[in-house]
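Asker: Right, I'll just put the structure down here and ask away after.
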């Protein structure tokens, strides 16, 4: 395994850990705070109430979605971002989706080379359906700290 592959694997593992820590795992589908049927670690695609998953299925879905989110992050800027920024923004994209990320001031700052400014945009993303959620406040602060950690 070459160095780039090892680094990429480490970023994915760290992002999976961060996502899992904040999403929480449910093996039975439930309705999330904005009314979306959700299962496993925040997985929402084609989920219906009554769906059930095994831990192994959840592991596969979470890794698949983290890889997609990382690809969005990595494809959004011309250069390689520091690992802490990649990990934090992968968790963020996993949570808010690529569309919200794609139109964000956070991404505009990232593309302008203002990595600190981009990281400091994360705490603005604490609302779900117009309601400020304490869990999102805590998650965004953790993501911000990780994002900034590789810039110090």
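The values are calculated or read from the model by the stated rules, or taken from the named source; none is laboratory data. Everything quoted here is computed from the prediction, not taken from an experiment. Note that we place each Cβ from the backbone using ideal geometry, even for glycine, and neighbour counts take in every protein chain shown.
Asker: Of the residues in the range 119-146, how many are assigned to a loop (DSSP other than H, G, I, E, B) and either touching a helix residue (DSSP H, G or I) at 6+ places or on another chain (Cβ under 6 Å) or surrounded by 14 or more Cβ atoms within 10 Å (Cβ to Cβ) (or both)? Spell out the reasoning first.
Answerer: Residues of the range 119-146 assigned to a loop (DSSP other than H, G, I, E, B): 120-121, 125-126, 129-130, 133.
Filter once more, keeping what is either touching a helix residue (DSSP H, G or I) at 6+ places or on another chain (Cβ under 6 Å) or surrounded by 14 or more Cβ atoms within 10 Å (Cβ to Cβ) (or both): 120-121, 125-126, 133.
Counting residues in the range 119-146 that are assigned to a loop (DSSP other than H, G, I, E, B) and either touching a helix residue (DSSP H, G or I) at 6+ places or on another chain (Cβ under 6 Å) or surrounded by 14 or more Cβ atoms within 10 Å (Cβ to Cβ) (or both) gives 5.
Asker: Look at residue 68 and say whether it is at negative phi, part of a helix (DSSP H, G or I) and without any contact (Cβ under 8 Å) to a residue 40 or more places away in the chain. Walk me through how you get there before you give the answer.
Answerer: Working: at negative phi: yes; part of a helix (DSSP H, G or I): yes; without any contact (Cβ under 8 Å) to a residue 40 or more places away in the chain: yes.
Against the criterion (at negative phi, part of a helix (DSSP H, G or I) and without any contact (Cβ under 8 Å) to a residue 40 or more places away in the chain), residue 68 qualifies.
Asker: OK, next. Of the numbered conditions (1) surrounded by fewer than 19 Cβ atoms within 10 Å (Cβ to Cβ); (2) over 19 Å from residue 149 (Cβ atoms); (3) modelled with pLDDT of 95 or more, residue 78 fails exactly one; give the number of that condition.
Answerer: (3)
Asker: Out of the range 93-152, which residues are at positive phi and within 16 Å of the chain's Cα centre (by Cα)? Working first, answer last.
Answerer: If we filter the range 93-152 for residues that are at positive phi, which is where we start, we get 97, 113, 129-130.
Correct list: 97 only.
Asker: Mind listing whichever residues of the range 104-118 are in a loop (DSSP other than H, G, I, E, B) and closer than 17 Å to residue 150 by Cα? Spell out how you get there, then give the answer.
Answerer: Step one: filter the range 104-118 for residues in a loop (DSSP other than H, G, I, E, B), giving 104, 112-114.
Within the range 104-118, 113, 114 meet the criteria.
Asker: I've got another one for you. Which of the residues spanning the range 90-109 are over 13 Å from residue 72 (Cα atoms) and surrounded by 12 or more Cβ atoms within 10 Å (Cβ to Cβ)? Spell out how you get there, then give the answer.
Answerer: Step one: filter the range 90-109 for residues over 13 Å from residue 72 (Cα atoms), giving 104-106, 108-109.
Matches in the range 90-109: 104, 106, 108, 109.
Asker: Identify the residue in the range 42-75 that is surrounded by 13 or more Cβ atoms within 10 Å (Cβ to Cβ) and farther than 20 Å from residue 14 by Cα and, among all such residues, is modelled with the lowest pLDDT.
Answerer: The selected residue is 44.
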